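The values are calculated or read from the model by the stated rules, or taken from the named source; none is laboratory data. Just so you know, these numbers come straight off a predicted model, no measurement behind them. A quick note on method: Cβ atoms are made from the backbone with ideal geometry, for glycine too, and the neighbour counts reach across all protein chains shown. With ligands, DNA and RNA removed, areas are computed over all heavy atoms of the protein, side chains included. Shrake-Rupley method; radii C 1.70, N 1.55, O 1.52, S 1.80 Å.
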Amino acid sequence: MDVSILGYPIILDGQKIGVYGIYTDISERIKQEEIVKYQAYYDQLTNLPNRRIFMERLEVAIGIAKEQNKMIAVLFIDLDKFKNINDSFGHNIGDKLLIAVGCRLTNSVKSGDLVARMGGDEFIIMLENIESKDIAFNIIRRIHESFGSPFIIDGNEINISASIGTSFYPCDGEDGEALLIKSDNRMYLEKSKVEKFQHN
Ligand SMILES: [Mg+2]
């Protein structure tokens, strides 16, 4: 690398004794690259992994599960009537609620399980290496229970529920996209039940 491109020579008594600026430039560039990498893989609001990293990790997990005859569960989570929160409390409170939801979801799973934000009020969880579907159903029950107590956001008591759809590898699909679509469809089925119930 030609140092003259990156920095300014330091001249003392007509002699070049060093280069100013080069180290700063490089560390700044690395910092920028780290930020770009982080933004590509993590959700800016909740700091959870995003859809991209989720799908990459899911494909890797499927590869391992295929070799070892293991089961994977994909949980698709969508908050019910989240728009009402934004409408009545404002987007700032809505955003803080999404952060708090991310924390409750993370606390409802084991440390190795992957919780990601798909975008909006949608989250997704991968449970790797599970022995039976009951393990996923227990986690879903735990998530619903955790939503049973209100969220306190800036002194506001907010009650919200979530609809959750689940799909399993290998019985519901052989690749990540198929599992995602299946869990999304089942989430909508769940939601239609919730909404019917609330209207009645
Ligand atoms: Mg929603």
Mean residue ellipticity (222 nm) of the chain, computed from DSSP H runs ≥ 4 via -39,500 (n - 2.57), nearest 500: -17500 deg cm²/dmol
Expected sort for 75-82, 111-118 on mean C-beta neighbours within 10 Å, highest first, is 75-82, 111-118
Just want the answer: with Cβ charges of +1 for Lys and Arg and -1 for Asp and Glu, which residue in S111, V60, I158 is farthest toward the dipole's positive end in the chain? I158
In a GNM of the chain with a 10 Å cut-off on Cα contacts, which of I181, I30, I130 has the highest mean-square fluctuation? I30
Might you tell me the accessible area per residue for the chain, computed with a 1.4 Å probe and given in Å²? 59
Calculate how large, on average over all directions, the projected area of the Cα convex hull of the chain is; give the answer in nm² to one decimal. 17.4
Accessible area of the chain with a 1.4 Å probe: how many percent of it is carbon plus sulfur? 53
Kirkwood Rh, Cα atoms: Rg over Rh of the stretch 98-200: 0.97
Hey, got the dipole for the chain? About the Cα centre, +1 on K and R Cβ, -1 on D and E Cβ, debye to the nearest 20? 400
Just want to confirm a number: the relative contact order over the chain, from Cα pairs under 8 angstrom separated by 6+ residues, in percent. 22
If one builds a Gaussian network model of the chain from Cα atoms under 10 Å apart, the most fluctuating residue listed among S108, S132, S88 is S88
Which loop-located GluC sites (Glu not before Pro) does the stretch 71-145 contain, where loop means any DSSP state but H, G, I, E or B and the Cβ has at most 11 other Cβ atoms within 10 Å? E131
Residue among I139, I17, I152 with the largest mean-square fluctuation in a Gaussian network model of the chain, springs linking Cα atoms under 10 Å: I17
